[in-house]
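Reviewing the structure listed below.
The values are calculated or read from the model by the stated rules, or taken from the named source; none is laboratory data. Every value quoted in this text rests on a predicted model; they were computed, and no experiment measured them. Cβ: placed from backbone, ideal geometry, glycine included. Neighbour counts: every protein chain shown.
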Amino acid sequence: MRWPLLLTIIAIFALAAVGAGCGGDSGGGGSDDAEALLNKAFATEVDSADLKIDVSADLEGVEQLNGPLSLTIEGPYKSQGKKKLPLFDWDVNVQGAGQSFAGGLVVTADNAFVEFQGTNYEVGRDLFKQFATQVEQQSAQGPQDLKALGVDPVAWLNEPEVKDGQEIGGDSTQVVTGDVDIKRVVQDFFDLVQSPAVRKQLEAQGQAAPEIKKPTDEELKKVEDAIETLKFEANVDENDVLRRVFLDASFKVPEGTEAGTLQGGKLSFEFLLNEVGNDPQIKAPTGARPLSELTQRFGLQGLGGGATPQAPAVPQAPGTTP
């Protein structure tokens, strides 16, 4: 299997976004002050905060998309400790292809809820308990961040700089800026998806590891040439808390590459903690309907009715405790 160019670019961009929150112990040839600041921030845990994530894509030449695509997730979360699902109450908004969707996700200590078209649906305590147990078991079976998998995201930055940054939630910050070493991210991406550790983790979750052929030098060069820019910003407050991560990328499809009508585009990702240490009270919504009513509307029998979904590995957001 060889990944299409657009999928590879998006995957590399996602890797850079995830990597921005995983950190490392050694730098990659930039400012020592910038690297030290980032490493402190990546090691500082945040037990609770108001979080906002914005992801957008503007693809040129794909008329059916009818404009940019965007995803926004916003709301409070509270850690329950390492390897466990956090509590959260998030609003979710998706726009693109002339459509829009607004909903929500709530996770309490013993249940989860999905909001769709103004109605809340309850996962149910028994099913949620099985899912939470799976998460804890699978989280204990392998590494959960890029550093543990042998990838050092700090080393991706070319000559990072530290400057005075914007205030976030009333707190002053310093901002680390720099261009990302695209060649190194591309190489790390292909090494990562083929690594035994990633395959073992996927298999532990009951998922088949993709068979991806090692790219030729020519294919690597195509991906590297396609990504025109990949810029990085990170805001760190006076308590070494990572308050914001921003990535901005642009790409252009090289001539002779099979990509349909796609000509190029822009991708952006922003992670923001507006307020930290606020200890939010996450409450279950009232009047929730059984989740089976929602899944039946979409012909997804078995979900929400006793079947246990496969639990993903617990993701680690930048500067947060899973």
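Put simply, of K183, K129 the only residue that is under 28 Å from S250 (Cβ atoms) and either modelled with pLDDT of 90 or more or assigned by TED's automatic domain parsing to the domain that holds E233 (or both) is K183.
Of the residues screened, V114 is one that is buried (at least 19 other Cβ atoms within 10 Å of the Cβ) and modelled with pLDDT of 90 or more. Counted as qualifying within the range 42-124 are the strands (runs of 3 or more DSSP E) with 1 or more residues that are among the hydrophobic types (A, V, I, L, M, F, W, C) and within 30 Å of V154 (Cβ to Cβ), namely 48-60, 69-78, 87-96.
Selection over the range 96-105 of residues that are buried (at least 16 other Cβ atoms within 10 Å of the Cβ) and out of contact with any helix residue (DSSP H, G or I) (no Cβ under 8 Å at 6 or more places or on another chain) gives a count of 2.
For V62, the conditions (1) assigned by TED's automatic domain parsing to the domain that holds I10; (2) β-branched (V, I, T); (3) modelled with pLDDT of 95 or more are fulfilled apart from (3). The set of residues from the range 265-280 being farther than 17 Å from W90 by Cβ and crowded, with 17+ Cβ neighbours inside 10 Å comprises G265, L267, S268. When the range 251-266 is filtered for residues that are part of a loop (DSSP other than H, G, I, E, B) and not hydrophobic (A, V, I, L, M, F, W, C), the ones remaining, listed by number, are P254, E255, G256, T257, E258, G260, T261, Q263. Among the residues making up the range 67-91, those that are free of Cβ contacts under 8 Å to residues at least 40 places away in the same chain and farther than 15 Å from L272 by Cα are G67, P68, L69, S70, Q80.
Please count how many residues of the range 80-95 are in contact with a Leu (Cβ under 9 Å, 6 or more places away or on another chain) and buried (at least 17 other Cβ atoms within 10 Å of the Cβ). Counting residues in the range 80-95 that are in contact with a Leu (Cβ under 9 Å, 6 or more places away or on another chain) and buried (at least 17 other Cβ atoms within 10 Å of the Cβ) gives 4. The residue list V186, V151 contains one member that is in a helix (DSSP H, G or I) and in contact with a helix residue (DSSP H, G or I) (Cβ under 8 Å, 6 or more places away or on another chain), which is V186.
Regarding F232, is this residue in contact with a Gly (Cβ under 6 Å, 6 or more places away or on another chain), of a type in the set (F, W, Y) and in contact (Cβ under 8 Å) with a residue 24 or more places away in the chain? When the stated conditions are applied, F232 passes them.
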